[in-house]
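**Q** One structure, as structure tokens, below. Some questions next.
A short reminder: the numbers here are calculations on the coordinates, not readings from a lab. Small disclaimer: the values here were computed from a predicted structure and weren't measured. Cβ placement follows ideal geometry from the backbone for every residue including glycine, while neighbour counts extend to all protein chains displayed.
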């Protein structure tokens, strides 16, 4: 099996995709600013920026 060129970037993408499909997370973190214990700050803009600006996926 070939090795991934950017495994960390793949994991970051998967994390953003999970957040984009999770309405409960979006309401809790992005709307109410109530973040999980291991997250200091998160915002929808970061997911959009990663997908459209940091990768060629857009």
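**Q** Being in a helix (DSSP H, G or I) and exposed (fewer than 10 other Cβ atoms within 10 Å of the Cβ) is the filter here, so list the residues in the stretch 33-52 that pass it. Step through it out loud before you land on a result.
**A** Applying the first criterion (in a helix (DSSP H, G or I)) to the stretch 33-52 yields 44-52.
Correct list: 45 only.
**Q** A follow-up question, please. Name the pairs whose Cβ atoms lie under 8 Å apart, with the first residue in the stretch 29-52 and at positive phi and without any contact (Cβ under 8 Å) to a residue 60 or more places away in the chain, the second in a loop (DSSP other than H, G, I, E, B) and surrounded by fewer than 11 Cβ atoms within 10 Å (Cβ to Cβ), and 6 or more positions between them or separate chains?
**A** none
**Q** Please verify whether the stretch 8-17 includes one or more residues that are assigned to a loop (DSSP other than H, G, I, E, B) and touching a helix residue (DSSP H, G or I) at 6+ places or on another chain (Cβ under 9 Å).
**A** In the first step, residues of the stretch 8-17 are kept if they are assigned to a loop (DSSP other than H, G, I, E, B); the result is none.
Looking for residues that are assigned to a loop (DSSP other than H, G, I, E, B) and touching a helix residue (DSSP H, G or I) at 6+ places or on another chain (Cβ under 9 Å), one finds none in the stretch 8-17, hence no.
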